[in-house]
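K.L.:
Sharing a structure with you now.
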Amino acid sequence: QVQVVESGGGLVQSGGPLRLSCAATGSFVSVLSMGWFRQAPGKEREWVATITKGGVTNYPLDSVKGRFKVNNNNSENTVYQEMSNLKPDDTAVYYCSAELVLVGGATYEYWGQGTQVTVSE
């Protein structure tokens, strides 16, 4: 059984920081990559950031470049997202994804339940 669990969401004022954490636990061989997506009410899910086990990062969302930073702790199968200068448009449910290598060699992407981030004016 694999679990992906996020934490760290909450209410923050515009311009403030927030740090999200996500841990993958359970029966798997290794982590290929972990990342963050977000979904605001009435909008499609957006890919925010990804980091590979080797530390290669990708920030496909232009609006967060320079403000969000993702890093990982391989020994704990954990990924963090440091968010700074938050804006009301960053308000969304943030989901963690983990691409894992399972016993037997197959890979599978697991998702967390999401953590709400609300940025007030």
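K.L.:
Just flag the GluC sites (Glu not before Pro) in segment 1-90 sitting in loop per DSSP whose Cβ has no more than 12 other Cβ atoms within 10 Å.
P.N.:
44
K.L.:
Still on this structure, please answer the following. Given the Cα-Cα distance of residue 13 and residue 52 and 0.36 nm per residue of separation, how much length would full extension add, in nm?
P.N.:
Gain in length upon complete extension: 11.0 nm.
K.L.:
Hey, another quick one. Would you calculate the convex hull of the Cα atoms in segment 57-113 and tell me its volume per residue in Å³?
P.N.:
107
K.L.:
Next question, about the same structure. Using only the alpha carbon atoms of the chain, find the Kirkwood hydrodynamic radius as the inverse mean reciprocal pair distance, in angstroms to one decimal.
P.N.:
One over the average 1/r among Cα pairs gives 14.4 Å for the chain.
K.L.:
Multiplying the sequence separation of residue 74 and residue 2 by 0.36 nm and subtracting their Cα-Cα distance, what value in nm do you get?
P.N.:
Length gained between residue 74 and residue 2: 24.3 nm.
K.L.:
Let me ask something additional. How big is the charge dipole of the chain about its Cα centre, in debye rounded to the nearest 20, if each Lys and Arg gets +1 on its Cβ and each Asp and Glu gets -1 on its Cβ?
P.N.:
Charge dipole, the chain, about its Cα centre: 140 debye, nearest 20.
K.L.:
If you scale each eigenvalue of the Cα gyration tensor by 5 and take the root, what three semi-axes come out for segment 1-72, rounded to whole angstrom and sorted largest first?
P.N.:
23, 15, 13
K.L.:
Please return the longest stretch of the chain lacking exposed loop sites, where trypsin sites (Lys or Arg not before Pro) count only if DSSP places them in a loop and at most 14 other Cβ atoms lie within 10 Å.
P.N.:
Longest gap between qualifying sites, sites excluded: 66-121.
K.L.:
Give me the accessible area per residue for the chain, probe 1.4 Å, as a whole number in Å².
P.N.:
Averaged over the residues of the chain, the accessible area is 53 Å².
K.L.:
Residue farthest toward the positive end of the dipole of the chain, with Cβ of Lys/Arg at +1 and Asp/Glu at -1: which of 15, 32, 118?
P.N.:
15
K.L.:
Tell me which lysines have Cα within less than 22 Å of residue 87's Cα, excluding those fewer than 8 residues away on the same chain?
P.N.:
43, 65, 69
The values are calculated or read from the model by the stated rules, or taken from the named source; none is laboratory data. Here the structure is a predicted model, which means the values were calculated and not measured. Neighbour counts run over all protein chains shown; Cβ positions are idealised from the backbone, glycine included. For accessibility, only protein heavy atoms count, side chains too; no ligands or nucleic acids. Shrake-Rupley method; radii C 1.70, N 1.55, O 1.52, S 1.80 Å.
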